[in-house]
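Everything below concerns the one structure shown next.
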Amino acid sequence: MGVFTHEMEVTSALPTGRAFKAFVLESDTIFPKAVPHAIKGVEYLEGSGAPGSIRKVSFVEGWGFEYLKEKVDALDPDNLSYAYTVIESDLFKNFIEKISYETKFSAAPNGGTVVNVTTKFYSVGDIEIKEEAIKDSLQQRAQVFKAVEEYLLANPDA
C-alpha cells in the first residue's frame, strides 16, 4: 500500500467556533442545504457523530461519484480538531483503499478561521495515485467548503 499525503490550508470569514460547528458538528444538516448541487443527503448509519460513528454522504447525479462512507476517528471540540476516514466509496474503483483527513480549526487574525487539513490517500497494493486525481479531489472539497461558507454568511441564523 502506498500513502500519498497532501496538506491544505483554507481560510474562512466565519468565526472559528461557528466554522467548527457548521463544518463538523452540524455538517449532516448544513451540507445538503448549502451545497444542494453536490450533496443529496447525509445520514448516520452508526452512532451520531462521536468517534466510531459511521455516516453515509450521498451525492447528486453527475458529481463524479454517488456516495462515500466515513468513520469518525477523533473529535475534540475543545481543541477544534476533527479526524475521519473515508472507508468506502464508489470513487475508489479498486485503486484507493481509504482516505483519511485530519482537520484543525484556528482563529485567524481578522476574526475568521484558518482550517488546516492533512489528507492521506492510501492506495491498493503498489498502485500510484496520480497527483492530478488528488488535486481534483481536493478541489471538489474546497468548492464544497466555500459553498458552505457562502451559505452561512448569507443565512446568519442557519
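The values are calculated or read from the model by the stated rules, or taken from the named source; none is laboratory data. What you are looking at is a predicted structure, and each value in this text was computed from that prediction instead of being measured. Using ideal geometry, Cβ is built from the backbone for each residue, glycine included, and neighbour counts are taken over all protein chains shown.
Here are some notes:
- Among the residues of region 19-43, those identified as surrounded by 14 or more Cβ atoms within 10 Å (Cβ to Cβ) and either of a type in the set (Val, Ile, Thr) or over 15 Å from Val144 (Cβ atoms) (or both) are Phe20, Lys21, Val24, Leu25, Ile30, Val35, Ile39, Val42.
- Qualifying residue in region 68-90 (condition: assigned to a helix (DSSP H, G or I) and in contact (Cβ under 8 Å) with a residue 40 or more places away in the chain): no
- Which numbered condition Ala154 fails, given (1) surrounded by 16 or more Cβ atoms within 10 Å (Cβ to Cβ); (2) free of Cβ contacts under 8 Å to residues at least 60 places away in the same chain: (1)
Residues are listed down the side, and each one gets a yes or a no for (1) more than 18 Å from the chain's Cα centre (by Cα); (2) modelled with pLDDT of 95 or more; (3) aliphatic (A, V, I, L, M); (4) under 28 Å from Thr16 (Cβ atoms):
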residue: Ser53; (1), (2), (3), (4): no, yes, no, yes
residue: Asn110; (1), (2), (3), (4): yes, no, no, yes
residue: Ala133; (1), (2), (3), (4): no, no, yes, no
residue: Phe145; (1), (2), (3), (4): no, no, no, yes
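- Annotation note: of Leu80, Leu75, the sole residue that is surrounded by fewer than 18 Cβ atoms within 10 Å (Cβ to Cβ), closer than 29 Å to Glu46 by Cα, touching a Phe, Trp or Tyr at 6+ places or on another chain (Cβ under 8 Å) and at pLDDT 95 or above is Leu75.
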